[in-house]
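Structure first, commentary second.
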Amino acid sequence: MWMYGAYFTSCDAIAPQVAVILDGEKFYINPVDLIYRTMVDPLTGLCMTAIASGGSGPYILGDVFMQNALVVFDVGEAKMRFIPRPHY
């Protein structure tokens, strides 16, 4: 659904196993976080997913990614550090 910039799926869909790889480290996303079952498109009855089109980039790792990783904002070093949570 282009007008939302996000992908939609059947509300009773089973989310696949998804991981983001940063510097060779896999950061798995909890499947429960991948489908917003309360965000239903009124025209289609489909639920919004946590994955949106990045187009040609840049790509954003948003709140769903950060819910599934320990994220440290190191202001003094102007860096972000990520630690993966246990695999679901």
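The values are calculated or read from the model by the stated rules, or taken from the named source; none is laboratory data. Since we're looking at a predicted model, the values are computed, not measured. When we count neighbours, we look across all protein chains shown, and the Cβ atoms used for this are built from the backbone with ideal geometry, even at glycine. Just so you know, the surface numbers come from the protein's heavy atoms only, side chains and all, with ligands and any DNA or RNA stripped out. Shrake-Rupley method; radii C 1.70, N 1.55, O 1.52, S 1.80 Å.
For segment 15-35, enumerate the residues that are within 22 Å of Met80 (Cα to Cα), part of a loop (DSSP other than H, G, I, E, B) and touching a residue at least 12 places away in the same chain (Cβ under 8 Å).
Asn30
Kindly provide the set of residues from segment 36-70 that are more than 23 Å from Ser10 (Cα to Cα), assigned to a strand (DSSP E or B) and either open to solvent by 90 Å² or more (accessible area, probe 1.4 Å) or modelled with pLDDT under 90 (or both), ordered by number.
Within segment 36-70, none qualify.
Inspect segment 72-88 for any residue being surrounded by 12 or more Cβ atoms within 10 Å (Cβ to Cβ) and among the basic types (Lys, Arg) and give the result as yes or no.
yes
Just give me the residues in segment 1-18 being at pLDDT 90 or above and either more than 28 Å from Thr44 (Cα to Cα) or loosely packed, with under 13 Cβ neighbours inside 10 Å (or both), in sequence order. Full working, then the answer.
Taking segment 1-18 first, the residues at pLDDT 90 or above are 7-18.
Selection gives Ser10, Asp12, Ile14, Pro16, Gln17.
I need the full set of residues from segment 71-87 which are modelled with pLDDT of 90 or more and not in a strand (DSSP E or B), in order please.
Val75, Gly76, Glu77, Ala78
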